[in-house]
Amino acid sequence: MKVKLSIKPLVIALSLFGATAALADITIGVNVSATGPAAVLGGPQKNTTQLFPTSIGGEKINWIVLDDASDPTATAKNVSKLLTENKVDVLFSGTTTPGVMATAGPAADTKTPLIALAPNRLDGEKFKWTFTMPQPIGLMAEPLLEHAKSKGYKTIGFLGYHPDAYGEVWIKAMEALSPKYGMTFGPIEGFARTDTSVTGQAVKLISVKPDAVLVVASGSPAAMAHSTLAERGYKGQIYQTHGAPSPAFLKNGGKAVENGILVAGPLLEWDQLTDSHPSKKVGGEYAKAYETKFGKDTLSSFGGHIWDAWAITSRAIPVALKKAKPGTPEFRAALRDAIESEREIAGAHGVFNMSPTDHSGFDKRARVLLQVQGGTFKVVTQ
Amino acid sequence: MDSAVALLLAQDGFTNGAIYALLSLALVLVFAVTRVIFIPQGEYVAYGALTMAAVVTGQLPPTMWLVVTLGIAVAIVDGVVAVREGAKSRLPLIIVKNAVLPIAAMVVVRLLPLKELSYPLQVLVALAFVVPLGPQVYRLAFQPVAEASVLLLLIVSVAVHFMMVGMGLYFFGAEGARIPPFTEGGLTLGATFIQYQTIWIVGIAALLIAGLALFFEHSIYGKALRATAINRTGARLMGISADLAGKLCFTLAALVGAFSGILIAPITTVYYDTGFLIGLKGFVGAIIGGLVSYPLAAAGSILVGLLESYSSFYASAYKEVIVFTLIIPVLLYQSLTTKHVDDEDEH
């Protein structure tokens, strides 16, 4: 017992020493879902953190990367550790929407800028401190509707995850935007990721004969919905969202997904972008660095969001450093202001111009239309 | 809805229903013999499908280390019991059967040109590394508490389910997989197109059900299982080992599960966690059979498949709600018509 007691002050002293030593460095906390059901999304994000530099402008950066195993309770624990123990200057967190929700409150309470890696809907102080990387759904829905209008379509059906968060935001966006393009949206047919068949839903849609069908799903379930429609003789145009494009989609869809049109971020087909597109350079650098380290054809659009988080932060840090020392509330506030006020930050998924009312900052350069041709994705010039 | 659509939906319903029927039979079997409500039944579906997906692309079965590790664990547990009982002469057999055999299988599978093997042989390889997980899980998780209450067995069962899902994610990754069908293409009957794989599924399911019926009616092991199901204590007095019966029915359950996985993987993408929902629907079928009747369970499962198919046409957003609501009237009917027997007085 005595021995233990005598060690205690030493430990406290050491940890205090460690804390003061770290005070001058920049500390960035990362919380992603590298394991559990969201691992397809969070795995590449965790891998991407290995590509980040350990210093910027002569300042050392401490990276603390935690995994929440796709569990929002664990997210809350990780985030409180990062905020109170590690006193991070900026937080990259939330592979999924619930993950962002569990992070936004504590981040706002401690006035720490949060870069969210999943879509979210926040207001007040939480919105003030949160910047969101993935494209807003409305932005992604527009080019699909433009394309449908240019082809003279009048009706567009829905076959996708429903009831489900991802499906729901698409339904809301389509219901809001369709009238502007003279389009009737519906019927809405739903299925779940784990369903073994979508025959019933597909047959129902075909019997209503919409000019086009929007499939809202991810990877291989998106391919299953697409190929079921094709197999059951649907002749209209099939659209897919940015949840779909992946090697698994092409592999499982095969010939059935040929000529399907998808909306996507510019990252996956960066080499097909025009040279004037700012994301061609950033996306190319990221794609090459990632595939050199983790192997060919491993690039995922989700890893791109955390790469963009760093693109924004690395631009904001030098600005904030002029105003305050890392580790202080003033530095965190300066960092937040810089993220909001810096212009034309090129990321892998588009170009950011944040404002006090817009914490996504994307414009048309954050999306491309892809068409499946000969088993690969081809960028459609709009 | 015209008749072509109705036929199409019926075909879809029968296909899924056939898989649910197989799983419900396994669930009834396991429950009747061991009183375990076997939640992880669906996991064997996912393991079977994903192991097969690995084998057809020429990869080694991802589960082989699990089979070997559990095999060694079983050998140690059984070995300790044998030594305690002073039956050291049983040790060599225990070690060979549980530890040496899986290791030998692993060595053999490394030497095989997996990708070039014929389809039936690939199925055998996949089964060889999934089915042993049945008896191994029984030996390690359920046999030590075989005499406990149904509730405790259910809790253990839930724990095993979570472990297997977690390990599934570790072994197979989060991405789903599909495998090539037994026979490519299909045939056009009138206005509907039927994939050959659909015919395979319904046909093999029917054969397996018939096979199980023959097994229970005519083989000595089948009769032993039936005897245990009817009266555990009585069967034991007749010299039927409860442990053997348990292992045997878990082997059958794993076999049925894994094979169901191989059957459906060509028509749908299977993920590490797909099995749970499929197993649950088989469970609804089994409930309709009161967890005791095989024919009623099979018929109930077909009903679940059809209900699912038609409700996905009429009200796709409420499909699962409709399917799972089915058990409420069934449970009401059963609790009103059957005399309640307290679990603890049963034997």
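The values are calculated or read from the model by the stated rules, or taken from the named source; none is laboratory data. Here the structure is a predicted model, which is why all the values come from computation and not from measurement. Here the Cβ positions follow ideal geometry from the backbone for every residue, glycine too, while neighbour counts run over all protein chains shown.
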Could you tell me whether the stretch A:203-219 includes any residue that is under 30 Å from B:TYR310 (Cβ atoms), more than 13 Å from chain B (Cβ to nearest Cβ), acidic (Asp, Glu) and surrounded by fewer than 20 Cβ atoms within 10 Å (Cβ to Cβ)?
-> yes
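Conditions (1) away from every other protein chain (no Cβ under 14 Å); (2) farther than 21 Å from A:GLY219 by Cα; (3) of a type outside the set (Ser, Thr, Tyr), marked per residue:
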| residue | (1), (2), (3) |
| --- | --- |
| A:LEU145 | yes, yes, yes |
| A:LYS180 | yes, yes, yes |
| A:THR184 | yes, yes, no |
| A:THR199 | no, no, no |
Do we find a residue being at pLDDT 90 or above, assigned by TED's automatic domain parsing to the domain that holds A:SER218 and more than 27 Å from the chain's Cα centre (by Cα) anywhere in the stretch A:163-179?
-> yes
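Give the stretch A:243-252 a look and list any residue that's modelled with pLDDT of 85 or more and either surrounded by fewer than 22 Cβ atoms within 10 Å (Cβ to Cβ) or within 12 Å of chain B (Cβ to nearest Cβ) (or both), or say none. Let's see the steps before the verdict.
As a first pass, look at the stretch A:243-252 and keep what is modelled with pLDDT of 85 or more: A:243-245, A:249-250.
Those that are modelled with pLDDT of 85 or more and either surrounded by fewer than 22 Cβ atoms within 10 Å (Cβ to Cβ) or within 12 Å of chain B (Cβ to nearest Cβ) (or both): A:PHE249, A:LEU250.
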Taking the stretch A:52-68 and keeping residues over 17 Å from the mean Cα position of the chain (by Cα), of a type outside the set (S, T, N, Q) and more than 11 Å from A:ILE306 (Cα to Cα) leaves A:PRO53, A:ILE56, A:GLY57, A:GLY58, A:GLU59, A:LYS60, A:ILE61, A:TRP63, A:ILE64, A:VAL65, A:LEU66
Tell me, which residue of the stretch B:264-281 that is facing another protein chain (nearest Cβ under 8 Å) and not hydrophobic (A, V, I, L, M, F, W, C) is surrounded by the most Cβ atoms within 10 Å (Cβ to Cβ)?
-> B:THR274
Pick out the one residue from A:ALA230, A:ALA287, A:ALA264, A:ALA222 that is small (Gly, Ala, Ser) and more than 19 Å from the chain's Cα centre (by Cα).
-> A:ALA230
Taking A:ALA248, is it part of a loop (DSSP other than H, G, I, E, B) and either of a type outside the set (Gly, Ala, Ser) or closer than 29 Å to B:ALA265 by Cβ (or both)?
-> no
What number of residues within the stretch A:186-197 satisfy the criterion of being among the β-branched types (Val, Ile, Thr) and facing another protein chain (nearest Cβ under 7 Å)?
-> 2
Counted residues in the stretch B:285-314 being over 30 Å from A:GLU189 (Cα atoms) and touching a Phe, Trp or Tyr at 6+ places or on another chain (Cβ under 7 Å) come to 1
Given the residues A:LYS154, A:LYS60, A:LYS77, which is the only one that is surrounded by fewer than 18 Cβ atoms within 10 Å (Cβ to Cβ), touching a strand residue (DSSP E or B) at 6+ places or on another chain (Cβ under 8 Å) and either farther than 17 Å from A:LEU335 by Cβ or modelled with pLDDT of 95 or more (or both)?
-> A:LYS154
Filter result (among the aliphatic types (A, V, I, L, M) and at pLDDT below 80) within the stretch A:14-39 | A:LEU14, A:LEU16, A:ALA19, A:ALA21, A:ALA22, A:LEU23, A:ALA24
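Any idea which of B:LEU169, B:LEU187, B:LEU154 is out of contact with any Lys or Arg (no Cβ under 7 Å at 6 or more places or on another chain), within 12 Å of another protein chain (Cβ to nearest Cβ) and among the aliphatic types (A, V, I, L, M)? Please lay out each step first, then the result.
On the way: B:LEU187 fails: within 12 Å of another protein chain (Cβ to nearest Cβ); B:LEU154 fails: within 12 Å of another protein chain (Cβ to nearest Cβ).
Only one candidate qualifies: B:LEU169.
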Go through the stretch B:284-304 and give me each residue that's surrounded by 24 or more Cβ atoms within 10 Å (Cβ to Cβ) and either closer than 25 Å to B:GLN195 by Cβ or not aliphatic (A, V, I, L, M) (or both).
-> B:GLY285, B:ALA298, B:GLY300, B:SER301, B:VAL304
Does any residue of the stretch A:30-51 turn out to be free of Cβ contacts under 8 Å to residues at least 24 places away in the same chain and away from chain B (no Cβ under 14 Å)?
-> no
Scanning the stretch A:80-101 for residues that are crowded, with 24+ Cβ neighbours inside 10 Å and either over 24 Å from A:VAL319 (Cβ atoms) or among the β-branched types (Val, Ile, Thr) (or both) gives A:VAL88, A:VAL90, A:GLY94, A:THR95, A:THR96, A:GLY99, A:VAL100
Would you tally the residues in the stretch B:1-53 being of a type in the set (S, T, N, Q) and either farther than 30 Å from A:LEU205 by Cα or at pLDDT 95 or above (or both)?
-> 4
The listed residue being touching a residue at least 12 places away in the same chain (Cβ under 8 Å) and either within 14 Å of chain A (Cβ to nearest Cβ) or in a helix (DSSP H, G or I) (or both), out of B:TYR333, B:TYR310, B:TYR318 = B:TYR310
Does B:VAL45 satisfy the condition of being more than 21 Å from the chain's Cα centre (by Cα) and either surrounded by fewer than 14 Cβ atoms within 10 Å (Cβ to Cβ) or in a helix (DSSP H, G or I) (or both)?
-> no
If we ask which residues in the stretch B:324-347 are in contact with a Ser or Thr (Cβ under 7 Å, 6 or more places away or on another chain) and at pLDDT 80 or above, their number turns out to be 0
Among (1) farther than 30 Å from B:ILE287 by Cβ; (2) surrounded by 14 or more Cβ atoms within 10 Å (Cβ to Cβ), where does B:PRO92 come up short?
-> (2)
Can you spot a residue in the stretch A:235-246 that is farther than 19 Å from A:MET140 by Cβ and in contact with a helix residue (DSSP H, G or I) (Cβ under 8 Å, 6 or more places away or on another chain)?
-> no
For A:ALA69, state whether it is in contact with a Lys or Arg (Cβ under 6 Å, 6 or more places away or on another chain) and either outside any helix (DSSP H, G or I) or not assigned by TED's automatic domain parsing to the domain that holds A:ASP337 (or both).
-> no
Take the residues of the stretch A:350-374 that are within 16 Å of the chain's Cα centre (by Cα) and under 16 Å from A:GLU142 (Cβ atoms): which is surrounded by the fewest Cβ atoms within 10 Å (Cβ to Cβ)?
-> A:ASP363
Given (1) touching a strand residue (DSSP E or B) at 6+ places or on another chain (Cβ under 8 Å); (2) within 13 Å of chain B (Cβ to nearest Cβ), number of the condition A:GLN240 does not satisfy | (2)
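Suppose we filter A:ASP275, A:ASP308, A:ASP271, A:ASP297 for residues that are among the charged types (D, E, K, R) and modelled with pLDDT of 95 or more; which single one remains?
On inspection, the qualifying residue turns out to be A:ASP308.
Rundown of residues vs (1) more than 15 Å from the chain's Cα centre (by Cα); (2) in a loop (DSSP other than H, G, I, E, B); (3) under 24 Å from B:TYR271 (Cβ atoms), yes/no style:
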residue	(1), (2), (3)
B:LEU8	yes, no, no
B:ALA53	yes, no, yes
B:PRO61	yes, yes, yes
B:VAL80	yes, no, no
